[in-house]
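Just so it is clear, none of the values below were taken in a lab; they were calculated from the coordinates. Keep in mind that what you see is a predicted model, and the values were worked out from it rather than measured. Here Cβ is always computed from backbone atoms with ideal geometry, including for glycine, and neighbour counts include all displayed protein chains.
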Ligand code: WTA
């Protein structure tokens, strides 16, 4: 086991106590295990009250030297990534730490030759391939701030993100194949760039035979640029508090927010949590099935594993391509020891014939993980018994884009697990539950809003270009604390169970979606006067999107109308945000101040209309009956 790995519950309790009482000395000791060019002035400063937390400021280093160069002597020939393409086959494609180092250095030189400098923003809109990781790491190596955009997002979403951070360069593919689908990434990028004035160059990495348009003034092929690139590159020293990346995530209001993570704290947090939550050993193979377009991919496919010299897998396909045995096949093929996925995937696959599991030898597995949404007990037990054969601890990891890395989770073999519970906080994390009056609930057994009381190294340092929104979203409702937006229950053992969002954010198949952005998209429909989007319970996706719409005139074909609504969502956001149910209503229940009472809509959407709660404060109580008796398509 690597140093700083906790291996017993007694040790966990001691380490936890120390981390809370002496955060500076605790994190300083750990930080010293990395390569720095210059030491920090102060371990941490700032407060949650003021939203100005900093860690290791003044310290100079480059995260890629710690992900790559540092391992070359001992682990140069070790595989950093196995690439598992969309088409299933038996070929193992491993890229060693030395190879990855060389590719990152070459691409860093390419970026510099295009005039990209420290602090510039670079947008990455790519297939799940090794080149995506190379692109991100090359940005980090030269100090450019990467902003990876999930390749399932629309041209509009890509344009919004590029424009919000004024990205100078875009890296994309000609296209990508995911399952049976071909996504024309270059075509979508071209469409997005019609609205973007800051992009000077586009680098296109070839992945398919897709025909593409070419703009000679702007576009260049990845492989041609790489042919001439030098293999040496001296990493640019960064301050620990310089931004490493921006990643956009949905909130309860407005457009997605660009979360800013900085180099130092993020390195400390992802490496420490990776080490303790997964406890990967020298010859293990670790596989996180997330997409690098989400925070899980950033922290637990790219940075966390590389910082720990782990062998990982980059998976381009889907759990059901070419059949629902794909994940289990890949586990057998690569002798995967650590497997990390979303409850949605488990729920979808447990509905399939068990032969898809039984066809493969899963005996290499040691630790199973879940992330992104609450896991129901049935799925937890299926995962435990059918995939883990009853002898792999399940780490149910709770965290967020904003937290940078895992916050509440069992440690495998250390913490006794309990289905549906993320269990206990990691060292450095001090959770608390708040009541409706804004007071901390001190009883052990309780339910309330989940906050974090003390700064931790991996936390978001800001919303790109919008300090006010940062303060308002996270530090205003419960002053002095970071507000997570999640509801949570604590049991008699002090174990935490996350119950879901308490704000207007939906979690559909583990994807975070703001109801406001979906409403904005569908309000563009010429017949829609007003809309309200809420979530409804969905047995595979966890939550589905339910749209209530007030329309002008009669809608004669509601099925066709639903399709039009979903086309708008697909075009403006992504197919992942499509409405599962659309209901046409003549009125929406509103408070006297004109706010839509979503609580009522949620009950209707969940088909729990027996007790509608207090509706006496409504401006239009008659709307409740109308909404209740309507039909969804
Ligand atoms: C939810 C994903 C229950 C939660 C890493 C959070 C979870 C949101 C869990 C963040 C879990 C994440 N159990 N709910 N283990 N993990 N969530 O930013 O509502 O995409 O606020 O980060 O996912 O989603 P995000």
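Figures for the structure shown
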{"read-out": "Mean residue ellipticity (222 nm) of the chain, computed from DSSP H runs ≥ 4 via -39,500 (n - 2.57), nearest 500", "value": "-8000 deg cm²/dmol"}
{"read-out": "Between region 9-80 and region 318-354, the Cα center-to-center distance that results, in Å", "value": "34 Å"}
{"read-out": "Extension gain (nm, one decimal) between residue 617 and residue 13, 0.36 nm per residue minus Cα-Cα", "value": "212.6 nm"}
{"read-out": "Exposure proxy order (Cβ contacts within 10 Å, fewest to most) of 628, 386, 92", "value": "92, 628, 386"}
{"read-out": "Viscosity 0.692 mPa s, temperature 37 °C, Stokes-Einstein D of region 100-220 from Kirkwood C-alpha radius, µm²/s", "value": "232 µm²/s"}
{"read-out": "Rough spin-label spacing in nm, given labels placed 7 Å along Cα→Cβ, for residue 571 and residue 472", "value": "3.0 nm"}
{"read-out": "Beta bridge orientation in the chain: antiparallel %, DSSP, nearest 5", "value": "60 percent"}
{"read-out": "Ranked 341, 7, 442, 370, criterion: other C-beta atoms within 10 Å, fewest first", "value": "442, 7, 341, 370"}
{"read-out": "Projected label distance in nm at residue 113 and residue 92, using a 7 Å step from Cα toward the beta-carbon", "value": "3.4 nm"}
{"read-out": "Euclidean distance of C-alpha centroids, region 152-213 and region 484-548, integer Å", "value": "28 Å"}
{"read-out": "Overall Cα dimensions of the chain, principal axis frame, Å, largest first", "value": "73, 62, 54"}
{"read-out": "Cβ-based exposure ranking for 207, 93, in which fewest neighbours within 10 Å come first", "value": "93, 207"}
